[in-house]
Amino acid sequence: MSAVLLLGEMPPLFSPAWISANAPALLVVMSLLSGPVAVLLWRGRLAWAWAGLISLLAFALTLILYGQVLHQGVVSYAMGDWAPPLGIVYRIDALNMLALLLVAGMGLLSVVYGLPAVLREIEPKKQALFFAAFLLNLTGLFGVSITGDAFNVFVFLEIASISTYVLVAMGAGTDRRALTASFNYLVLGTIGATFFVIGIGLIYMATGTLNMADITAQLHGRGDDRVVRAAFAFIVIGLGLKMAMFPLHTWLPNAYTYSPSMAGTFLASTGTKVAFYALVRFIFGVFIPGSAFDSVIFDLVLAPMAIAGMIICSVQALFQNNIRKLLAYSSVAQLGYMLMGLSMGTAAGLSAGLLHMFNHALMKGALFMGAGIFALSYGVRRIHDLRGMGQLMPLTAAAFSVAGLSLVGAPLFAGFVSKYYLVMAALERGWWWAAAAVILSSVLAIFYVGRMLEAMYLRKPAEIDGAPLKPRPAPMLALVPLLILAAANIYFFFDASLPKGLADAAAAALLGGGAS
Amino acid sequence: MDSWHYLTGHFNYIVVIILMMTGLYIVISTGNLVKKLVGLGVFQTSVFQLYITMGKIHGGTPPILQSAHEGSEAHGAVIRNAPVPIAQSLADVPIDGVIYSNPVPHVLILTAIVVGVATLAVGLALVVRIQESYGSVEEDDLREADYQSAAEPAK
């Protein structure tokens, strides 16, 4: 159903009916306008409260949209009442909804978590600017997830990316390597975005339209077209750079390691996931699945890269000494799982990949939050320094371990569910080697997560001048979101119906078949 | 002669490819961060040219409605209310006997230029901060300094 309202029927401003009818636009416009307001508020705590309020409202709007999607299937909203395909349309189906829920939920939790870390890590006059950059980042990620217009994706992707460069660079207060990390990310991110926009341009040349649904309609019955094929290649490489697909991931480890704790948490759990969403959307929702070049790229490009990423980056993670760098390499490996699900090209595989996208955000969010709390309380950055944390900070260590076990894919934790579906989908497709790679990579994960757990629980606390460290309470504001995420990691093992339902619906809609 | 026609017919695209490869090569080959940004700028400029080229329609005039008095209202209403099949509305069919160039790529690329300016601004700001804290903008020096500080025991 179209949410387009004719003039005259417009409900009064800010009434519930108005909000629910305009929720897609409000979500993006509200977060966009709130960024400059955060700059004007100037004081760190004020800006934090403002960012918290906006993320809360955004989360509420996302829930309203979720209700509408459950009710109607697809919500489409014509911007400024200009009818598609000429106007820009915001189109929300199950796939968008999964990305939106992820961004809104993790955004809210990251803001709540962020205050103690930001007050410590960032100099006072930059704190408000940090939250402004965060709100703009939120805008960009919402925009990418919600829009049904191909060029719009580029614009929002760049809003998200440019604000991410700023967020990462703000880590310079604690480590100057944040600056070079941010610069490298900027160069590679811009190359990725430019490749993406070249691809969009080529599509526009071939079809004369930018509306995603209309592009698909124009491409039907077109046959093999060299311009379209080039566009496909540019878009896959461009989004691959943004999502840190295996050989294009070199910007990611340093950017995650040296960014401020709150930025690291939010980026690790949303940034690459939204780029993955965009890749899924373009491969299955814009280009036509099953055409000749798709199957070649799935079997010979994406699947091998996914496996290489899963194994090589897990091995790299094994040899890291810095906690956050270990988590960052593990993120690249986990992106390999999602890519693997996508490259199977079956509804079951895609659904498993999307489910893993959701679960990975939960576990990596919790792990980065935990690492941030250790750094905040004891200045712990290396795995060696984690020793004795199980005694010193029992709650944080427990939540960190839950997320770590979820990362490994142990039963009783959410990570197990998505890996199970992934392995089953691989076997169903006849890709036993893919299933083997998933299991091998999980075994490697046991080792690198095990190194951290061993240090936390089996080693004695560090001593300073002969006296062991004293327990210090974790900041409550930081601890609560971490515990919520850890609980979510357990909850979604027992009842994965929310993400699984959305992932199945998305895969079914994109591939036109039912998921198992 | 065929290849001559091919070259002249695709002149803009050839320039785009040369610029694109030049820019990408500068980004990869140089170790100086400012020069990297220059290369990035050249790379992005090639895309601007690609978009502008595709907006040109043979024999097309600038896309300003010529029969403005009675025409603009009518066309506006058509586009606004009824979803016009794209093939009809944007193909190079004359409207009131006039062929217009396609304005959409120009508008798109204005947005991309703004994005490019913002990226350049953030990039240069980062270079300034890097110069302040490392005292150099050469990649080799930065790497050397990072190794040095990594070798020292962490505080």
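The values are calculated or read from the model by the stated rules, or taken from the named source; none is laboratory data. From a predicted model like this one, the values you see are computed outputs, not experimental measurements. Please note: Cβ atoms are built from the backbone with ideal geometry, for glycine as well, and neighbour counts cover all protein chains shown. Heavy atoms of the whole protein, side chains included, go into the accessibility calculation; ligands, DNA and RNA do not. Shrake-Rupley method; radii C 1.70, N 1.55, O 1.52, S 1.80 Å.
Residues satisfying the criterion are absent from region A:129-140 (criterion: surrounded by fewer than 24 Cβ atoms within 10 Å (Cβ to Cβ), away from chain B (no Cβ under 11 Å) and out of contact with any helix residue (DSSP H, G or I) (no Cβ under 8 Å at 6 or more places or on another chain)).
Residues A:V423, A:V417: which one is in contact (Cβ under 8 Å) with a residue 12 or more places away in the chain and open to solvent by less than 20 Å² (accessible area, probe 1.4 Å)?
Working: A:V423 fails: open to solvent by less than 20 Å² (accessible area, probe 1.4 Å).
The match here is A:V417.
Scanning region A:368-391 for residues that are surrounded by fewer than 23 Cβ atoms within 10 Å (Cβ to Cβ), away from every other protein chain (no Cβ under 14 Å) and assigned to a helix (DSSP H, G or I) returns A:L376, A:S377, A:G390, A:Q391. Going by what's in this entry, would A:L210 be described as in contact (Cβ under 8 Å) with a residue 24 or more places away in the chain and under 16 Å from A:F232 (Cα atoms)? In short, yes. Restricting A:V155, A:V168, A:V103 to residues that are under 26 Å from A:R45 (Cβ atoms), assigned to a helix (DSSP H, G or I) and within 14 Å of chain B (Cβ to nearest Cβ) narrows the list to A:V168.
Looking for whichever is away from chain B (no Cβ under 14 Å), over 27 Å from A:M363 (Cβ atoms), without any contact (Cβ under 8 Å) to a residue 24 or more places away in the chain and not hydrophobic (A, V, I, L, M, F, W, C) here; the options are A:G87, A:G73. Which one fits?
Numbers: A:G87 fails: away from chain B (no Cβ under 14 Å).
Going through A:G87, A:G73 in turn, just one is away from chain B (no Cβ under 14 Å), over 27 Å from A:M363 (Cβ atoms), without any contact (Cβ under 8 Å) to a residue 24 or more places away in the chain and not hydrophobic (A, V, I, L, M, F, W, C): A:G73.
The single condition among (1) in contact (Cβ under 8 Å) with a residue 12 or more places away in the chain; (2) open to solvent by 10 Å² or more (accessible area, probe 1.4 Å) that A:F266 does not satisfy is (2). Considering only region A:178-195, I want to know if a residue exists there that is open to solvent by 10 Å² or more (accessible area, probe 1.4 Å) and closer than 30 Å to A:L26 by Cβ. No, region A:178-195 contains no residue that is open to solvent by 10 Å² or more (accessible area, probe 1.4 Å) and closer than 30 Å to A:L26 by Cβ. Being within 30 Å of A:L188 (Cα to Cα) and modelled with pLDDT under 90 is a condition met by no residue of region B:26-40. You will find that of A:E158, A:E121, the residue that is of a type in the set (D, E), closer than 28 Å to B:L142 by Cα, buried (at least 23 other Cβ atoms within 10 Å of the Cβ) and under 20 Å from the mean Cα position of the chain (by Cα) is A:E158 and no other.
With respect to (1) crowded, with 24+ Cβ neighbours inside 10 Å; (2) at the interface with chain B (Cβ under 9 Å from one of its Cβ atoms), the lone exception for A:G208 is condition (1).
Region A:420-516 holds helices (runs of 4 or more DSSP H) entirely within its bounds, and those carrying 3 or more residues that are aromatic (F, W, Y) and within 21 Å of the chain's Cα centre (by Cα) map to A:476-494.
Restricted to region B:131-141, and to residues there that are surrounded by 13 or more Cβ atoms within 10 Å (Cβ to Cβ) and in contact (Cβ under 8 Å) with a residue 24 or more places away in the chain, the residue that is nearest to B:I28 (Cα to Cα) is B:E139.
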